[in-house]
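In what follows, a structure is listed as structure tokens, so that the remarks can point back to it.
The values are calculated or read from the model by the stated rules, or taken from the named source; none is laboratory data. Every value quoted in this text rests on a predicted model; they were computed, and no experiment measured them. Virtual Cβ from ideal backbone geometry, glycine too; neighbours counted across all protein chains shown.
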Amino acid sequence: MRILAFETTCDETSAGVLENGKILSNVVFSQIKIHRRYKGVVPELASRAHAEKIALVLKKALSDAGIPVPLFRKKLIDAVVYARGPGLPGALLVGRTAAETAAKIFGSKLIGVNHLEGHLLAYEFEGGRIKRNLDFPLIALIVSGGHTELWRVRGYGRYEALGRTRDDAAGEAFDKVAKLLGLDYPGGPAVEKEAAKCRRYSVEFPRPCLKDTFDFSFSGLKTAVAYYLRDKSQVAGRRSQVTRYKIQDKEISEICASFQEAVVDTLVFKALAAVEKFRTRRLIIGGGVAANSRLREKFAQAAVSRAIPVGFAEKEYCTDNAAMIALCGYRRLLTGKKFLNAVDVDSELKIENWK
Ligand code: KG4
Ligand code: ZN
């Protein structure tokens, strides 16, 4: 079974081909350069960049996969899959239009899937193919720029929501704190790089653990960083504007390390509590923030000490990519579940059980 997939939910334009569980191509054009100077994704610029790049990205994905271009023929592709949400509306429309067009040209099925399910299933990839067993029932933690969600998963398409962030997502908190500190965009890798220079967690930031719930909240933590900087600037006798205070390099790495530690501790605490409460076999973690080395290290330590098998998506498949979207379509087709043939997009799409 050969699947062509498109991912355009946010700031990565991606297309790829999956053949019987093997990734033949996974081309990702990152828009980082476009959004960097705004220190965040500008939706209008994202849509335009997707529209400009999608044809090139598709062409490369097909040629990397050894599919003749431009000699499109029927039956070369069994299904075209696209991420129909959640994401930026304009960006989603570009992916949908490309997918619809490709499906017509190839005479193949068209399947709209959930981007977050892609992050969840990406754990299955190892060394460029589907190799790992999901070992249901499991707990899945999705930590990305727009979402932080904890799911109990009993099988493909059998989900139960346990918790989600009530305000900022973990990745969003990384991005906002990076901006406060004048670091690069995207904030996650920039904060991680600074944090790696320091192994002292000297600044006491709160661990935002809401009681009796698996929900998360990260906006207070971001505000704590802002207040910390404001207080510093007052001590320094300057006006209480965060940006007016000139932070020393050493302080930046201390703040980054302490902030990162607070995020990681919260995620580890909640995710492992869920595994223990529901006595599931395993915990899997995906999404852009799952690329963070300190997060991987602390989860791995906790996994050993509490004898809980914890698995991460490979770093390449943590951030947005078309291979994980193809994987969603592949799983849907294999389970024989009805697929979504509607050519819609839904910027607020939630993970739902497969019908
Ligand atoms: O999954 P993703 O590529 O896109 C969304 O679906 O949102 O995640 C992007 C997010 C950004 O907020 C980025 O700062 C964060 O993931 N991120 C990281 C790291 N790499 C990416 N956060 C922490 N540490 C990282 N190494
Ligand atoms: Zn994502």
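Data overview
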read-out: Condition check for K232: surrounded by 13 or more Cβ atoms within 10 Å (Cβ to Cβ), out of contact with any Ser or Thr (no Cβ under 6 Å at 6 or more places or on another chain), of a type in the set (D, E, K, R) and at pLDDT 95 or above; value: no
read-out: Residue pairs meeting the criteria (Cβ under 6 Å; at least 6 apart or on separate chains; first of a type in the set (S, T, N, Q), in the stretch 111-134; second away from ligand 1 (no atom under 11 Å from the Cβ)); value: N114/L349; N114/I351
read-out: Of all residues in the stretch 301-322 being in a loop (DSSP other than H, G, I, E, B) and modelled with pLDDT of 95 or more, the one that is farthest from ligand 2 (Cβ to nearest atom); value: E314
read-out: Pick from the stretch 18-34, criterion closer than 17 Å to G90 by Cβ and surrounded by fewer than 20 Cβ atoms within 10 Å (Cβ to Cβ), ranking: farthest from the chain's Cα centre (by Cα); value: I34
read-out: Within the stretch 301-346, tally of residues that are of a type in the set (S, T, N, Q) and exposed (fewer than 15 other Cβ atoms within 10 Å of the Cβ); value: 4
read-out: Scan of the stretch 281-300 for residues that are part of a loop (DSSP other than H, G, I, E, B) and either in the same structural domain as A122 (by TED's automatic domain parsing) or surrounded by fewer than 24 Cβ atoms within 10 Å (Cβ to Cβ) (or both), ordered by number; value: R281
read-out: Candidates S240, S258 - the one that is away from ligand 1 (no atom under 14 Å from the Cβ), touching a Ser or Thr at 6+ places or on another chain (Cβ under 9 Å) and either closer than 21 Å to L134 by Cβ or at pLDDT 95 or above (or both); value: S258
read-out: Subset tally (residues that are of a type in the set (V, I, T) and buried (at least 19 other Cβ atoms within 10 Å of the Cβ)) for the stretch 175-212; value: 2
read-out: Among the residues listed as L121, L138, the single one being more than 26 Å from Y38 (Cβ to Cβ), within 16 Å of ligand 2 (Cβ to nearest atom) and surrounded by 19 or more Cβ atoms within 10 Å (Cβ to Cβ); value: L121
read-out: Count - residues of the stretch 276-294 that are within 16 Å of ligand 2 (Cβ to nearest atom) and either aliphatic (A, V, I, L, M) or free of Cβ contacts under 8 Å to residues at least 12 places away in the same chain (or both); value: 5
read-out: Scan of the stretch 148-188 for residues that are within 15 Å of ligand 1 (Cβ to nearest atom) and of a type in the set (A, V, I, L, M), ordered by number; value: A169, A170, A173, V177, A178, L180, L181, L183
read-out: Residue match in the stretch 28-51 (condition: in contact (Cβ under 8 Å) with a residue 40 or more places away in the chain and either assigned to a strand (DSSP E or B) or more than 24 Å from G288 (Cα to Cα) (or both)); value: yes
read-out: Scope the stretch 250-299; condition touching a strand residue (DSSP E or B) at 6+ places or on another chain (Cβ under 8 Å) and among the hydroxyl-bearing types (S, T, Y); matching residues; value: T266, T280
read-out: Failed criterion for R154 (all others in (1) in contact (Cβ under 8 Å) with a residue 60 or more places away in the chain; (2) out of contact with any Ser or Thr (no Cβ under 8 Å at 6 or more places or on another chain); (3) more than 11 Å from ligand 2 (Cβ to nearest atom) hold); value: (1)
read-out: Among (1) in the same structural domain as P68 (by TED's automatic domain parsing); (2) over 21 Å from R84 (Cβ atoms) - the single one A190 does not satisfy; value: (1)
read-out: The one condition in (1) at pLDDT 95 or above; (2) over 21 Å from L45 (Cα atoms); (3) under 21 Å from the mean Cα position of the chain (by Cα) that A65 fails to fulfil; value: (3)
read-out: Failed item in (1) farther than 30 Å from R279 by Cα; (2) within 16 Å of ligand 2 (Cβ to nearest atom); (3) not aromatic (F, W, Y), with A169 passing the rest; value: (1)
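Okay, residues lined up against (1) among the polar types (S, T, N, Q); (2) buried (at least 19 other Cβ atoms within 10 Å of the Cβ); (3) at pLDDT below 95:
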site: K74; (1), (2), (3): no, no, yes
site: I77; (1), (2), (3): no, yes, yes
site: V81; (1), (2), (3): no, yes, no
site: K104; (1), (2), (3): no, no, yes
site: E117; (1), (2), (3): no, yes, no
